[in-house]
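Novice: Please read through the structure below; I'll follow up with questions.
Just so it is clear, none of the values below were taken in a lab; they were calculated from the coordinates. From a predicted model like this one, the values you see are computed outputs, not experimental measurements. Cβ atoms come from the backbone with ideal geometry, glycine included; neighbour counts cover every protein chain shown.
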């Protein structure tokens with residue numbers, strides 16, 4: 001039977017409900033969506049979609065590292081945007097982090113996101129844990 005390992009790190013915002021920052025199973029890390037919260041303060045970062053995307057990717061990176069993974073190991077992302085009109089600005093920041101062998105991706109506009117943020121990103125990655 002396959003085992004799953006719940007992973008969390010203080011270097012990313014803590015889960016605020018009945019979910020985990022990440023779960024590792026069968027060589028994959030499944031990360032919950034990250035928003036633009038500063039893990040040190042628990043507060044939303046100031047700024048536009050670019051600033052929020054930057055913080056989201058930093059949060060994902062921290063959780064990935066706790067899973068024995070990295071941004072380069074990501075195989076799939078889902079990006080949720082408050083406004084699809086901000087896609088180009090989000091994509092410019094996203095592209096700086098996923099510039100070689102980028103993962104598969106879906107991008108959707110959501111009517112409302114947690115804390116009324118502009119962007120949330122979840123991902124699946126290869127993991128060397130266990």
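Novice: Please list 83-96, 19-32, 102-115 highest first by mean number of surrounding beta-carbon atoms within 10 Å per residue. Mind showing how you got there, number by number?
Specialist: Numbers: 83-96: 14.9, 19-32: 18.4, 102-115: 12.1.
The packing order, highest mean first, is 19-32, 83-96, 102-115.
Novice: So for segment 4-126, averaging the separation of alpha carbon pairs under 8 Å that are six or more residues apart and normalising by length, what relative contact order in percent results?
Specialist: Details: 249 pairs, mean separation 38.3, N = 123.
Relative contact order of segment 4-126: 31 percent.
Novice: Can you list, largest first and rounded to whole Å, the semi-axes you get for the chain by taking the square root of 5 times each eigenvalue of its Cα gyration tensor?
Specialist: On the way: eigenvalues 106, 56, 33 Å².
Equivalent ellipsoid of the chain: 23, 17, 13 Å, largest first.
Novice: Roughly speaking, what is the centre-to-centre gap between segment 64-104 and segment 17-61 when only Cα atoms are used, to the nearest Å?
Specialist: Comparing the Cα centres of segment 64-104 and segment 17-61, I get a distance of 12 Å.
Novice: What is the calculated FRET efficiency for residue 110 to residue 15, with r their C-beta to C-beta distance and R₀ = 22 Å, to the nearest 0.05? Before the final figure, lay out the partial values.
Specialist: Working: r = 19 Å, r/R0 = 0.88.
Step by step, r from the Cβ atoms, then E = 0.70.
Novice: Let me ask something additional. Got a sec? Which residues in segment 17-35 would a label at residue 129 touch, if it sits 7 Å along Cα→Cβ and we count backbone N under 11 Å?
Specialist: 20-32
Novice: Kindly provide the helix-only [θ] at 222 nm of the chain, computed as the sum of -39,500 (n - 2.57) over DSSP H runs of four or more divided by all residues, to the nearest 500 deg cm²/dmol? Walk me through the intermediate numbers first.
Specialist: On the way: 2 runs with 29 residues, N = 130.
Calculated from helices alone, the mean residue ellipticity at 222 nm is -7000 deg cm²/dmol.
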